[in-house]
Amino acid sequence: MDIEADIRALQLDSAEENNGVGVVIPADQNTDGAEILDKMEEDLKDEVQESAPVPDVQQVVSASEDHDQEMLLPVHNPAKAKEKAAQEKAAKEEAEEEAEANKKRHLNVVFIGHVDAGKSTIGGQILFLSGQVDDRQIQKYEKEAKEKSRESWYMAYIMDTNEEERAKGKTVEVGRAHFETETTRFTILDAPGHKSYVPNMISGASQADIGVLVISARKGEFETGYERGGQTREHVQLAKTLGVSKLVVVVNKMDDPTVNWSKERYDEIEQKMVPFLKSSGYNTKKDVIFLPISGLMGINIDKSMDRNVCPWFSGPSFFEVLNAIEVPPRDPNGPFRMPIIDKFKDMGTVVMGKVESGSIREGDSLIVMPNKEHVKVVAIYCDEDKVKRAGPGENLRVRITGIEDEDILAGFVLSSTVKPVPAVTEFVAQLQILELLDNAIFTAGYKAILHIHAVVEECEIIELISQIDMKTRKPMKKKILFVKNGAAVVCRIQVSNSICVEKFSDFPQLGRFTLRTEGKTIAVGKVTALSGASSSA
């Protein structure tokens with residue numbers, strides 16, 4: 001009995017505790033509390049009525065229903081969401097366009113000159129001074145150069161990356177690197193100076209906007225490079241032909257004990273070079289700048305020289321000269337042209353080259369000429385960065401679909417489908433004969449190697465049309481069968497495979513060429529007419 005009584009007592013206790021916490025209280029219980037509550041409620045109603053008009057009951061009900069619905073389900077409007085996403089995308093694209101427009105201008109700089117003039121060392125020094133290479137790497141290269149008993153080569157190791165180049169101290173491939181100043185992004189193209197590698201030098205110079213001709217001031221070295229057979233002469237002539245319109249002539253190794261910043265030596269080099277540069281077609285007042293520097297010591301490269309080092313020179317530093325150079329603008333809205341200089345496989349087919357005209361975007365449909373393969377642009381890389389679009393003058397790697405890499409050769413051109421680049425096996429050209437081998441005569445049937453943008457093809461002269469009078473620059477009337485050194489001639493040239501070329505007047509970058517034979521440049525020329533061009537996509 002005691003247990004039952006305990007249980008009943010507990011139940012009563014819990015019921016008392018729960019009173020007022022949502023437990024229904026019988027009507028007869030706690031009447032005083034209910035009366036007080038009713039009175040408070042009535043007073044509150046009176047106050048509300050006085051202060052505001054009573055809303056319609058239906059309105060209140062529907063509003064509360066809406067509110068309940070909102071609380072229950074978040075409203076999802078697909079049209080609105082789509083619109084918002086489209087707006088965000090447009091804003092992002094606009095920001096990208098703006099960033100592209102505000103991007104620093106881009107220039108390609110090719111380093112040319114005789115073997116051992118110090119081209120790779122200057123390139124390495126530039127990368128070090130512009131912060132692209134840190135001290136730890138420099139120390140590693142110094143150690144490596146010391147082990148090979150070549151202490152002064154360590155800066156060149158930044159540009160010359162493969163073992164063969166380091167062992168011989170000669171650049172073979174065209175080295176590439178990037179650096180920036182406050183106003184400009186630069187791509188360095190370090191061309192080989194040795195005569196065996198002139199074809200590589202041609203491919204480097206054909207991508208360049210500015211040439212840096214490196215001359216060694218050391219006794220004997222300038223003379224070797226400048227005399228007949230030296231690469232200084234050939235490189236200058238090639239650079240002009242390949243469209244390098246501006247030239248910075250850096251007189252290097254001025255710190256050498258045989259020179260010791262001598263003004264006499266610097267002036268002697270300048271006096272010998274100016275007439276030669278003029279004869280190669282350069283305007284020495286407008287398009288050529290001379291600078292004394294030391295590549296190994298990094299003097300007069302990133303900042304102007306101290307007067308204690310060189311009291312007679314007060315001109316600008318190398319970086320200041322590069323920043324100030326003006327190059328002719330290219331057309332971003334023209335037909336797209338990108339001569340392919342290299343290709344490889346990387347998650348698809350990737351082609352490399354420099355955009356000579358027009359712009360390219362992700363998703364573009366283009367055509368590879370001369371084999372007329374339609375391709376789609378999947379990704380674009382500029383320097384090492386992935387970009388959505390790129391304009392003329394940029395060096396790009398473009399991933400494309402619709403073609404295998406084995407179906408592409410260097411010299412093919414990635415081009416717009418609307419106005420593709422013409423593909424020909426024959427064209428008419430104006431040639432300037434520089435130096436024929438062993439005083440040979442130049443006549444129909446003459447064979448040589450043709451270098452035009454990234455194309456290297458064997459060609460044959462099939463007809464001499466007319467000789468050009470050097471004084472009047474007009475064709476002579478009399479019929480000719482052959483010409484000799486120094487002559488200018490209009491002739492018809494034939495190649496065995498279709499190549500992509502343009503008339504020089506329409507497109508200088510794809511219309512200028514050189515002819516070489518047995519390792520020597522014999523003539524330079526420009527395309528004046530295309531015969532049998534096939535450009536239908």
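The values are calculated or read from the model by the stated rules, or taken from the named source; none is laboratory data. These numbers were taken from a predicted model, which means no experiment stands behind them. Don't worry about glycine lacking a Cβ; one is built from the backbone with ideal geometry, like all the others, and counts go over all protein chains shown. Just the protein is used for accessible areas: all its heavy atoms, side chains included, with ligands, DNA and RNA removed. Shrake-Rupley method; radii C 1.70, N 1.55, O 1.52, S 1.80 Å.
So for the range 408-492, averaging the separation of alpha carbon pairs under 8 Å that are six or more residues apart and normalising by length, what relative contact order in percent results? Don't skip to the end; give the middle numbers.
Numbers: 139 pairs, mean separation 30.1, N = 85.
Computed over the range 408-492, the figure is 35 percent.
Using Cα pairs under 8 angstrom and six or more residues apart, how large is the relative contact order of the range 347-503, in percent?
Details: 346 pairs, mean separation 36.1, N = 157.
Relative contact order comes out at 23 percent.
Got a number for carbon plus sulfur as a percent of the range 265-337's accessible area, 1.4 Å probe?
Carbon and sulfur atoms account for 53 percent of the accessible area of the range 265-337.
Which order do peptides 518-526, 249-257, 443-451 fall in by mean Cβ count within 10 Å, highest first? Before the final figure, lay out the partial values.
Numbers: 518-526: 18.7, 249-257: 21.6, 443-451: 16.6.
Top to bottom by mean Cβ count within 10 Å: 249-257, 518-526, 443-451.
Roughly speaking, what is the stretch gain from Glu458 to Met476, that is 0.36 nm per residue apart minus the C-alpha to C-alpha distance, in nm to one decimal? Spell out each step's value before the answer.
On the way: separation 18, 0.36 × 18 = 6.48 nm, distance 2.85 nm.
Working it through step by step, the gained length comes to 3.6 nm.
Can you give the FRET efficiency to the nearest 0.05 for Gln139 and Lys219, using r as the Cβ-Cβ distance and R₀ = 22 Å? Show your work: numbers first, answer last.
On the way: r = 32 Å, r/R0 = 1.44.
The value I calculate is 0.10.
At 7 Å along Cα-to-Cβ for each site, give me the label-to-label distance between Asp383 and Ser531 in nm.
4.8
log₁₀ I(q)/I(0) of the range 280-345 at q = 0.11, 0.17, 0.27, 0.28 Å⁻¹, via Debye over equal Cα point scatterers, no solvent, to two decimals?
Here log10 of I(q) over I(0) equals -0.50, -0.81, -1.18, -1.22.
Could you work out the local net charge near Glu326, counting Lys and Arg as +1, Asp and Glu as -1, over the other residues with Cβ closer than 11 Å to its Cβ?
Details: positive: Arg105, Lys246, Lys286; negative: Asp209, Asp287.
Result for the neighbourhood of Glu326: +1.
Leaving out ligands, DNA and RNA, and with a 1.4 Å probe, what % of the accessible surface on the range 420-463 is carbon or sulfur? Let's see the in-between values first.
Working: 770 of 1650 Å².
C and S fraction of accessible area: 47 percent.
Given 0.36 nm per residue, what is the gain on full extension from Ala86 to Glu404 after removing their alpha carbon distance, in nm? Mind dumping the intermediate values first?
Working: separation 318, 0.36 × 318 = 114.48 nm, distance 3.50 nm.
Gain in length upon complete extension: 111.0 nm.
In terms of Cα to Cα distance under 23 Å, which lysines are near enough to Lys84, apart from those fewer than 8 places away along the same chain?
Result set, ordered by chain and number: Lys92, Lys388.
If you keep only loop residues by DSSP, which GluC sites (Glu not before Pro) in the range 401-494 have at most 16 other Cβ atoms within 10 Å of their Cβ? Mind dumping the intermediate values first?
Working: sites: Glu404, Glu406, Glu426, Glu435, Glu457, Glu458, Glu460, Glu463; in loops: Glu404, Glu435.
Sites meeting the loop and neighbour criteria: Glu404, Glu435.
Tally Lys/Arg at +1 and Asp/Glu at -1 over every other residue whose Cβ is under 9 Å from the Cβ of Lys447; what's the total?
Values: positive: none; negative: Glu458, Glu460.
Counting the neighbours of Lys447, the net charge comes to -2.
So which GluC sites (Glu not before Pro) in the range 354-396 pass both tests, a DSSP loop state and at most 13 other Cβ atoms within 10 Å of the Cβ?
Numbers: sites: Glu356, Glu362, Glu373, Glu384, Glu394; in loops: Glu356, Glu362, Glu384, Glu394.
Filter output for the range 354-396: Glu384.
Determine by what factor the alpha-carbon radius of gyration of the range 411-470 differs from 2.2 N^0.38 Å, reporting the quotient.
The value comes to 1.41.
For a Förster distance of 30 Å, can you work out the FRET efficiency between the beta-carbons of Lys148 and Asn260, rounded to the nearest 0.05? Could you put the intermediate results ahead of the total?
Values: r = 27 Å, r/R0 = 0.91.
Here the calculated transfer efficiency is 0.65.
For the cross-link pairs Lys272/Lys520; Lys148/Lys343; Lys219/Lys278; Lys146/Lys219; Lys286/Lys479; Lys285/Lys484, which exceed 29 Å when the distance is taken from alpha carbon to alpha carbon?
Numbers: Lys272/Lys520 23 Å; Lys148/Lys343 34 Å; Lys219/Lys278 24 Å; Lys146/Lys219 25 Å; Lys286/Lys479 39 Å; Lys285/Lys484 31 Å.
Flagged as over cut-off: Lys148/Lys343; Lys286/Lys479; Lys285/Lys484.
Grab the Cα-Cα distance for Lys372 and Val327, subtract it from 0.36 nm times how many residues apart they are, and report the gain in nm with one decimal.
Full extension of this stretch gives 12.9 nm more.
Take the Cβ-Cβ distance between Arg105 and Val309 as r, set R0 to 51 Å, and report the resulting FRET efficiency rounded to the nearest 0.05.
Working: r = 31 Å, r/R0 = 0.61.
E(calc), rounded to 0.05, equals 0.95.
How big is the range 337-384 by the Kirkwood estimate over distinct Cα pairs, in Å?
Values: mean 1/r = 0.0861 Å⁻¹.
11.6 Å is the Kirkwood radius here.
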